[in-house]
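Notes for the one structure printed next.
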Amino acid sequence: MSNLSRGGFLLEAEHVGRVRFYRLNPRAAYDGSSGQQRKATEHARHPVVPCLLDAKEETA
């Protein structure tokens, strides 16, 4: 869960005590019209997709 949250695919919605509630980032997946998606993604950050280590080492 922490990796998905750190990558931006899950956004923390709220927490109660030690329990955290997450919601799916609307930029990662959205089911609806394009106008609704634009409104939903106004304040959502872009998901972070790390590059593969093999490709990173080949370019270096």
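The values are calculated or read from the model by the stated rules, or taken from the named source; none is laboratory data. Because the structure is predicted, anything quoted here is derived from the model rather than measured. So basically every Cβ, Gly included, is an ideal-geometry build from the backbone, and we count neighbours across all protein chains shown. We work out accessible area using only protein heavy atoms, side chains counted, and drop any ligands, DNA or RNA first. Shrake-Rupley method; radii C 1.70, N 1.55, O 1.52, S 1.80 Å.
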Contacts under 8 angstrom Cβ, first residue in the stretch 24-41 being closer than 16 Å to ALA13 by Cα and in contact (Cβ under 8 Å) with a residue 12 or more places away in the chain, partner aromatic (Phe, Trp, Tyr) and surrounded by 11 or more Cβ atoms within 10 Å (Cβ to Cβ), 6 or more apart: LEU24/PHE9; ASN25/PHE9; ALA28/PHE9; ALA40/TYR30; THR41/TYR30
Every pair of residues 6+ apart whose Cβ atoms lie under 8 Å, when the first sits in the stretch 1-18 and is among the hydrophobic types (A, V, I, L, M, F, W, C) while the second is part of a helix (DSSP H, G or I): LEU10/LEU4; LEU11/SER5
For ARG27: the one exception among (1) among the charged types (D, E, K, R); (2) open to solvent by less than 100 Å² (accessible area, probe 1.4 Å); (3) modelled with pLDDT of 80 or more: (3)
